[in-house]
Amino acid sequence: MDRLNLFPDTTTIEHGSLTIGGCDLTNLADQFCTPLYLYDRATLDNAVDAYQTALAEFYPGVSGLTYAGKAFLCLAIAEWTQQHNMWLDCTGLGEIAIAVAAGVPRERLLAHGVNKSMEDLEAACEHAGVLVVDNLTELQHLVEISRHRSMPDLWLRFQPGLAVETHAYTQTGHAGSKFGMDALQILQAAQLCREHALTLTGLHFHQGSQFRDPTPLARGIDRALDLVQKIGFGAGWTLSPGGGWGVAYHEDELPQPDLADYARLVAGTLVRGCKERGLSLPRLHLEPGRGLVARAGVALYRVGAVKQIGDRVWALLDGGMADNPRPALYGSRYSALPVRDPERPAKEPVWFAGPYCESGDVLIEELLFPELREGDLVAVPVSGAYQLSMSSNYNGGRRPAVVWLDHGHVQVIQARELAEDLFRRDHRLVKPAGTV
Ligand SMILES: Cc1ncc(COP(=O)(O)O)c(C=O)c1O
């Protein structure tokens, strides 16, 4: 069944029930309640292996992997990145705090962010080995900060003025995007670094997320190398063409985009481009988020009610846009399987909606599905990236628990939010003195 190929590598059907990482999903739902997010360790590890193998195969120079924490970050995930010696990309003080609490060492902490506050910059200077500068104002702040403290190495974020094919909201490198600096600003930034003895060691750009045609990256790399030639980096410089390689979310999008196509193009363009310009080969850093964690994650929901209105069958789930805003934000398409007897034949198209007060709270539209009834469990694959990290408390929704499935062992890595958590930051109104 094609749909099964969207699920984590360890997924099997045992005694008529979906099983992941050696754990039966019905038991997990009974034990930890739904909605529940599962991360399969074996699939996470396999994804890292795939990236490292592709880099080793196609790039003759030094290379490394940075996990983009924005896809999903918690202490356990940060710890897992260190078990693989990956760098961790943190956006701002909040993600830096998670990385530090998880024990990520300075030399593997990369600080990103557009419009970093002074607190973000101070935290990055305190804890990061590399800080990626988004704009000239930020660089001026860094010059000030450098007067009273030691500084991380700096990379500059280049806006190549080139898009990749993806949803408009996940394009980042096109002209008109808010991210990074144009070529002229990059040269001014490099000059400022020289004047103030800031250590500039790399250039970064990121053209977008969830693309499956790598060819636009070739022009991005060429434009970046033209700049590198003008800047004149020393040996051991780094080029980071970001992340963004896509994954299939729906059976219509299978097979999964081939990582070799991506790595071959990036590495090949870089080697050729450096040779043509007489540049030394840089350290190549890829920065995937989704590509490492999306497929390892599964969202598990329970059906509250099934109702037919007109010719449409609705399955109402106990989670939706508060834990997964992607369909509402980007019109993202998902697939799903019933946990009980997942191979039984499909009966009819079903619309899966959540419990929230928005007509846009529809997780999946018109998916051919077997008959469902109240209490059934539905598993949504490819739920590991940009879901919980963009989740909300809309309608008082409490974020789901997250469990880590490690070859038959289960561990809660994030507890379910409680109702009390919803007003933990709140203060009751204080009556002004003299009023009754
Ligand atoms: C600077 C940067 N690096 C890496 C990523 C990770 O992208 P993805 O999760 O698609 O691999 C993003 C996502 O937008 C990004 O903005």
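Residue by residue through the range 193-217, note down the ones that are surrounded by fewer than 17 Cβ atoms within 10 Å (Cβ to Cβ) and either among the hydrophobic types (A, V, I, L, M, F, W, C) or more than 16 Å from the ligand (Cβ to nearest atom) (or both).
Filtering the range 193-217 for residues surrounded by fewer than 17 Cβ atoms within 10 Å (Cβ to Cβ) gives 194-197, 199, 213, 215.
Hits for the range 193-217 are R194, E195, H196, A197, T199, T215.
Of all residues in the range 140-160, which are assigned to a helix (DSSP H, G or I) and surrounded by 21 or more Cβ atoms within 10 Å (Cβ to Cβ)? Show your work before the answer.
Of all residues in the range 140-160, those assigned to a helix (DSSP H, G or I) come to 140-146.
Once the filter is applied, which keeps residues that are assigned to a helix (DSSP H, G or I) and surrounded by 21 or more Cβ atoms within 10 Å (Cβ to Cβ), the range 140-160 yields only L142.
Just checking, does the range 286-303 include any residue being away from the ligand (no atom under 16 Å from the Cβ) and surrounded by fewer than 24 Cβ atoms within 10 Å (Cβ to Cβ)? Outline the logic, then answer.
Taking the range 286-303 as the starting set, the residues that turn out to be away from the ligand (no atom under 16 Å from the Cβ) are 298-303.
From what is left, the residues that are surrounded by fewer than 24 Cβ atoms within 10 Å (Cβ to Cβ) are 302-303.
Within the range 286-303 (the criterion being away from the ligand (no atom under 16 Å from the Cβ) and surrounded by fewer than 24 Cβ atoms within 10 Å (Cβ to Cβ)), the answer is yes, since at least one residue qualifies.
Can you list residue pairs whose Cβ atoms sit under 8 Å apart, with the first residue in the range 230-257 being over 30 Å from A189 (Cβ atoms) and of a type in the set (G, A, S) and the second being in a strand (DSSP E or B) and within 16 Å of the ligand (Cβ to nearest atom)? Count only pairs 6 or more apart in sequence or on different chains.
These pairs meet every condition: G246/F211.
Can you tell me which of V266, V298 is part of a strand (DSSP E or B), under 25 Å from Y169 (Cα atoms) and among the β-branched types (V, I, T)? Can you show your working first?
Working: V266 fails: part of a strand (DSSP E or B).
None of the other options fit; the residue is V298.
Pick out, from the range 335-411, the strands (runs of 3 or more DSSP E) lying fully within it that include 2 or more residues that are free of Cβ contacts under 8 Å to residues at least 24 places away in the same chain and in contact with a Pro (Cβ under 7 Å, 6 or more places away or on another chain). Quick ask: steps written out before the conclusion?
Numbers: elements: 348-353, 362-369, 377-380, 401-406.
The qualifying strands (runs of 3 or more DSSP E) are 362-369.
Conditions first: (1) aliphatic (A, V, I, L, M); (2) under 30 Å from L281 (Cβ atoms); (3) touching a Leu at 6+ places or on another chain (Cβ under 8 Å); (4) away from the ligand (no atom under 16 Å from the Cβ). L28 passes all but one, so which condition is the exception?
(2)
Identify, by number, the condition in (1) in contact (Cβ under 8 Å) with a residue 60 or more places away in the chain; (2) assigned to a loop (DSSP other than H, G, I, E, B) that L429 doesn't meet.
It fails just one condition, (1).
Find all pairs meeting these conditions: Cβ atoms under 7 angstrom apart; at least six residues apart or on different chains; first residue within the range 102-126 and more than 15 Å from L73 (Cβ to Cβ); second residue among the charged types (D, E, K, R) and more than 16 Å from the ligand (Cβ to nearest atom).
Here the result reads C125/R149, each pair linking the range 102-126 to a residue that is among the charged types (D, E, K, R) and more than 16 Å from the ligand (Cβ to nearest atom).
Filtering the range 127-139 down to residues that are crowded, with 16+ Cβ neighbours inside 10 Å and part of a helix (DSSP H, G or I), which residue is nearest to the ligand (Cβ to nearest atom)?
E138
Which of the residues belonging to the range 263-278 are closer than 21 Å to Q159 by Cβ and not polar (S, T, N, Q)?
Narrowing the range 263-278 to residues closer than 21 Å to Q159 by Cβ: 265-266, 269-270, 273, 277.
Result: L265, V266, L270, G273, R277.
Rundown of residues vs (1) within 21 Å of A71 (Cβ to Cβ); (2) away from the ligand (no atom under 16 Å from the Cβ); (3) modelled with pLDDT of 95 or more; (4) of a type in the set (K, R), yes/no style:
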position	(1), (2), (3), (4)
I221	no, no, yes, no
L225	no, yes, yes, no
D258	yes, no, yes, no
L265	no, no, yes, no
E276	no, yes, yes, no
L281	no, yes, yes, no
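Give me a count of the residues in the range 238-255 that are in a loop (DSSP other than H, G, I, E, B), out of contact with any His (no Cβ under 6 Å at 6 or more places or on another chain) and surrounded by 16 or more Cβ atoms within 10 Å (Cβ to Cβ). First the steps, then the outcome.
Filtering the range 238-255 down to residues in a loop (DSSP other than H, G, I, E, B) leaves 241-244, 246-250, 254-255.
Retained after the next criterion (residues that are out of contact with any His (no Cβ under 6 Å at 6 or more places or on another chain)): 241, 243-244, 246-250, 254-255.
Right, trim to surrounded by 16 or more Cβ atoms within 10 Å (Cβ to Cβ) and you get 241, 243-244, 246-250.
Of the residues in that region, 8 qualify.
Collect the residues in the range 257-268 that are surrounded by fewer than 16 Cβ atoms within 10 Å (Cβ to Cβ) and either charged (D, E, K, R) or closer than 20 Å to P8 by Cβ (or both), keeping them in residue-number order. Spell out the reasoning first.
Just the residues of the range 257-268 that are surrounded by fewer than 16 Cβ atoms within 10 Å (Cβ to Cβ), to begin with: 258, 260-261, 268.
Of everything in the range 257-268, those that are surrounded by fewer than 16 Cβ atoms within 10 Å (Cβ to Cβ) and either charged (D, E, K, R) or closer than 20 Å to P8 by Cβ (or both) turn out to be D258, D261.
Being touching a Gly at 6+ places or on another chain (Cβ under 6 Å) and of a type outside the set (S, T, Y) is the filter; apply it to the range 356-384 and report the residue that is nearest to L28 (Cα to Cα). First the steps, then the outcome.
Going residue by residue through the range 356-384, those that are touching a Gly at 6+ places or on another chain (Cβ under 6 Å) are 356, 361, 363, 383-384.
Still in the list and also of a type outside the set (S, T, Y): 361, 363, 384.
Details: D361: 25, L363: 22, G384: 17 Å.
Looking at residues that are touching a Gly at 6+ places or on another chain (Cβ under 6 Å) and of a type outside the set (S, T, Y), I get G384.
Does any residue of the range 15-26 turn out to be buried (at least 23 other Cβ atoms within 10 Å of the Cβ), over 19 Å from E343 (Cβ atoms) and of a type outside the set (K, R)?
The answer is yes; a qualifying residue exists.
Specify which of the listed residues (R264, R295, R283) is of a type outside the set (D, E), within 24 Å of V130 (Cα to Cα) and touching a residue at least 12 places away in the same chain (Cβ under 8 Å). Give the steps one after another, and end with the answer.
Numbers: R264 fails: within 24 Å of V130 (Cα to Cα); R295 fails: within 24 Å of V130 (Cα to Cα).
None of the other options fit; the residue is R283.
Regarding A224, is this residue out of contact with any helix residue (DSSP H, G or I) (no Cβ under 8 Å at 6 or more places or on another chain), hydrophobic (A, V, I, L, M, F, W, C) and not in a loop (DSSP other than H, G, I, E, B)? Talk me through it step by step, then tell me what you get.
Values: out of contact with any helix residue (DSSP H, G or I) (no Cβ under 8 Å at 6 or more places or on another chain): yes; hydrophobic (A, V, I, L, M, F, W, C): yes; not in a loop (DSSP other than H, G, I, E, B): yes.
Yes.
The values are calculated or read from the model by the stated rules, or taken from the named source; none is laboratory data. The model shown is predicted, which means the values in this text are computed figures rather than measured ones. Don't worry about glycine lacking a Cβ; one is built from the backbone with ideal geometry, like all the others, and counts go over all protein chains shown.
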